[in-house]
Amino acid sequence: MTPAAGRGLAVQVFVDQDWSIRRSVSAAARFGSALTLLLLATSIQAGNAHSSGESEATAAVVGTAARRPTRGSSSVPELSPLGLGNAGSLDGSSLPGQTARRTLQWASGASRSSGTSLNSAAASAGAAAAAEAAEAQASLDGSGGGRRRLTRSKPKTIAKRAPARGGEYVSLGKVRAFEGDVKETQSLAQALQHRTYKRELILLTDTRPRAALQSFDNLAQLGLVHVLWLTSNQASCAAMRKLYAARNQVRAARGAWGNSTSAGATAGAGTASGSDPAGSASASDLILRVAAAADAATGGYSVSGVPPQLADDDLMGCAWYTQDFPAGFIGHRRLMMKRLMLTARTLTLGYSVLSLDTDVVVYRDPYPYFKSPPYDRMHAIVGKAYRQGGLVNTGVTYYQNASRTGPTAWMVAEVVDRNLRWLEHNVSMPHMSTGVSLGGGGGGSRGGGPTVMPHQADTRGCWDQFLFGDVVLSSMVGKLVMYYCARPLSLSSGRAQRQRAGRKKEEEDGWSGRHRAALGLGEEQTPTDLLMLETTEVQGDKAMEPLVGATFYETQWVNLTIAPDPPPLLPAEPGYSLPPLLPGGVAEAFKAVLAADAKFAEAAISSGGGGAEARVDGGVAPPPASRPMERLAYAADWLVGGWVYRGMQGYWDPILTNGKPKQVFGHLVRAPGPTSVGKDAVRMQYGEYDWELAAVQAGGPYPFLGSPDPKELPRVVALLPDLDLTVDTGPDWSNLARGLVTVALVTGRRVVWPSVPCSGSDLVQPKPGSRKALPLNANLRFFSYGPWQPSLRCVPSNLFHHKCLFERMSLLPDNTTTAAAATATATGTASAAPAASTAEAPESGDGEGESQYYITGPRGLLPAEFALLLKLLPEAEAAPGPHNTVHLQGNDDYESGGEKPIMFDEPPRVDNVAYVPAPSVVKSLREGALAQQRVIYLAQRTFLTKLDKLNEPDLVSKYRAFKHECPALK
């Protein structure tokens, strides 16, 4: 070894046959107090890093309930409007007011519809799960009381699979194209004639073309193309079709449908080591590579992979709804109101509707489950609310065979009617008026002063999920209920809540207590206790038991009736009433539209369903005009599951479920992290993120969330893949993460955020995979993913924040700027305007009219993004080796009484971290052959100290901002 000096730095080159990291080498012993930068100089021998003798643990299916509930008779009794009595019939002849809660039992198997085909999977044995859990615990305990070093296993790949498309509701080739405004009855009727199959419609609602196309691809992979996209205007439809055509060109060029081949489509087949892939091929060729690399990165388990090549008519229809609203009613709730208006009208015209948010992943064809007991008896199936005690989450709602003017159609129309009345009156609730002086907000001016809307809504009306909760309760009890929407203002967010925090519990107890008393509920009960509870046995059912993850599941449901002009539940409560219809207002106009739709539907059905215009519909007859009673059910978690109740427990992980996630609808509500980045992170890690579509929209092959320019190849700093990253304390993680940040800032690179072992770490509590069986232990602080061996990987949830990926996001000022940016990007000329971000407008944006954003100051890559980047780089640049791996031997003398390393706070120092003065290494890290590498690997945890001694104030400011803005560094 020959040292090469440079500014007091000794650069040492190790030649080692197995390229192992010599942790026993002491820089102080060999080189005194001089800092040593070790460039480790041989290549990794194939297969040396991992052991192949370990077998994968099989996920065992266990019940999520601690004990089995008491079950009643297996027969279904007659039902009251509340679903609580035992004498009420479906024709409404007997409606007793009994309020005792009951449970029902519904046997699975022979009673299931014989014509329904369910996907099957093998159930895991409990004994095997227990044995595997014991073995897992033994392996984690180690021997001799010492910690067993955990190393990352080779990524598991699963054979390519294509979902079966033989279901009864597969609609490929059975729909027609549609694009247009659906405000008028004739136009909406035409949209439904063209886009429905067997009188079924799937409705997607969003303003972002890429989000809508990603959801449509998910459905098309399952053969379900009877989809209508509701967006803001015709321009969004045109943008979607343009994006769709460009993406199809990429797929055809790379032979995704077996009709072509492309030499440039091979993932990782880059240029020679050290060259610049971004400059060696055209943007279109590089997009081919990112598409192929993304396909390889998923491991073949994504249900949202390449769907079949579609006919022009199969592309989802596109609709907009030109509806006038009161001034000031803008934002996301405006589009959601249009969705509810369109849903109510579709039900009135006699169709079934599956309404989906674009943050929903559809893992399986849902229709076999909707058409089997117990859900085949339900007319409305909704998701459970996930916050603030609500009743309904509207991310997934399904209405089937509902009568055209019956209770289900009334319920949806009533939600719209209530909100439109509040919007056009801008009513102030008397008990909420104090919120004005406290900054509670006001949406307008009536009577000389500002007024407020129900429940934190100002000019946006009440939240649709709270509206649903109130209307469902009104239908159940036959009285006007405003429990959620008229709740006192002290429960809303913002300054009013902070200033009235001391009174919050008192007001809530009074408000909730009065409603509990009026509804006949006990002190500890909530409105959900009014629902019927039905138990369905699935033990021994080879299709259902593995999906459910237990031997039974429970369904809550209730009977719905129409409650026209009901009396208030709390007549003595000030302001507990709806404002009247405003003559000529939007609420009155909507009622007139519904009446016209009902008249049109009756005429069309009486004349034989449109004569020659009627499509093939499988002989499904329209529903009746009305029923006195219909049923609403809350979907079981395996059917519609959010992140907290299913995703976090491992049921969506394709590795842990052997390529078949145990879920039908996975709703990314409350995904890990404080922002929508967590939703993208889950999609990426589970293979449900459409990288190809992202690259096509961005116009570049590197569409990472933190990339200002998707045509620029990121330069990153990462830790060696097999480095032991076990963390036991908060300071352990802070030193690990902030240390990476210091190296990244000094070298002008991005941080590759690391994942840590879930097992063996005292910081990760509870340990998600301690039993090595599903369900995983719930842990909201970490996002865990497979494989089991040797440990699940965990990423701190607070890392999924925009500020951990880039410095800021800004709105492009106008369409002209957007066009200029797009032109500059396409031609490769000097930037005429900021490049549009690869991310579309955030979900919290205005929701009506798509906005273009650009980002500046790239900071980091997520683990899944780094995995894709490695697929795109030539192997010589992606793999660790002597040319790109450094071992910085720390010699900071702060602990022995030397100079304080930095002028602002650092985390407490911990073992196994090399603390290195930045001035000693900055030249070697920034110059020479090492600086030319795309990826720099650190051979150990490293923290650069004394950043202030570099005399670079901007660097210190960036570190401070990064540390304070990224939650994972706090």
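Of everything in region 179-202 that is out of contact with any Phe, Trp or Tyr (no Cβ under 7 Å at 6 or more places or on another chain) and surrounded by 22 or more Cβ atoms within 10 Å (Cβ to Cβ), the residue that is farthest from Asp365 (Cα to Cα) is Leu188. Does Arg241 satisfy being in a helix (DSSP H, G or I) and open to solvent by 10 Å² or more (accessible area, probe 1.4 Å)? Spelling it out, Arg241 is indeed in a helix (DSSP H, G or I) and open to solvent by 10 Å² or more (accessible area, probe 1.4 Å). For region 421-440, indicate whether the set of residues that are touching a helix residue (DSSP H, G or I) at 6+ places or on another chain (Cβ under 6 Å), over 30 Å from Lys660 (Cα atoms) and modelled with pLDDT of 55 or more is non-empty. Among the residues of region 421-440, at least one is touching a helix residue (DSSP H, G or I) at 6+ places or on another chain (Cβ under 6 Å), over 30 Å from Lys660 (Cα atoms) and modelled with pLDDT of 55 or more, which makes the answer yes.
Being open to solvent by 10 Å² or more (accessible area, probe 1.4 Å) and closer than 25 Å to Glu877 by Cβ holds for only one residue in Arg738, Arg808, Arg793, and it is Arg793.
Being open to solvent by 10 Å² or more (accessible area, probe 1.4 Å) and closer than 23 Å to Tyr351 by Cβ is a description that does not apply to Gln234.
Rundown of residues vs (1) at pLDDT 90 or above; (2) buried (at least 18 other Cβ atoms within 10 Å of the Cβ); (3) polar (S, T, N, Q), yes/no style:
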{"site": "Pro580", "(1), (2), (3)": "no, no, no"}
{"site": "Ala587", "(1), (2), (3)": "yes, yes, no"}
{"site": "Ala621", "(1), (2), (3)": "no, no, no"}
{"site": "Ser626", "(1), (2), (3)": "yes, no, yes"}
{"site": "Arg631", "(1), (2), (3)": "yes, yes, no"}
{"site": "Trp638", "(1), (2), (3)": "yes, yes, no"}
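Put simply, of Val727, Val716, Val644 the only residue that is open to solvent by less than 10 Å² (accessible area, probe 1.4 Å) and within 27 Å of Asp762 (Cβ to Cβ) is Val727. Contact map, region 875-898: residues that are modelled with pLDDT of 70 or more and among the β-branched types (Val, Ile, Thr) paired with residues that are open to solvent by 10 Å² or more (accessible area, probe 1.4 Å) and part of a loop (DSSP other than H, G, I, E, B), Cβ distance under 8 Å, separation 6+ or inter-chain. Pairs shown: Thr885/Leu720. Between Gln249, Gln221, the distinction of being free of Cβ contacts under 8 Å to residues at least 12 places away in the same chain, surrounded by fewer than 22 Cβ atoms within 10 Å (Cβ to Cβ) and under 17 Å from Gln309 (Cα atoms) belongs to Gln249 only. Just to be sure, is Pro701 of a type outside the set (D, E, K, R) and at pLDDT 90 or above? It is false that Pro701 is of a type outside the set (D, E, K, R) and at pLDDT 90 or above. Within region 549-569, is even one residue buried (at least 18 other Cβ atoms within 10 Å of the Cβ), more than 36 Å from the chain's Cα centre (by Cα) and more than 30 Å from Pro622 (Cα to Cα)? For region 549-569, residues buried (at least 18 other Cβ atoms within 10 Å of the Cβ), more than 36 Å from the chain's Cα centre (by Cα) and more than 30 Å from Pro622 (Cα to Cα): present.
The set of residues from region 535-565 being assigned to a strand (DSSP E or B), in contact with a Leu (Cβ under 8 Å, 6 or more places away or on another chain) and more than 13 Å from Leu632 (Cα to Cα) comprises Thr535, Glu554.
The values are calculated or read from the model by the stated rules, or taken from the named source; none is laboratory data. Being a predicted model, the structure only gives us computed values, none of them experimental. Reconstructed Cβ throughout: ideal geometry from the backbone, glycine too, with neighbour counts over all protein chains shown. SASA here: full protein model, heavy atoms, side chains in, ligands and nucleic acids out. Shrake-Rupley method; radii C 1.70, N 1.55, O 1.52, S 1.80 Å.
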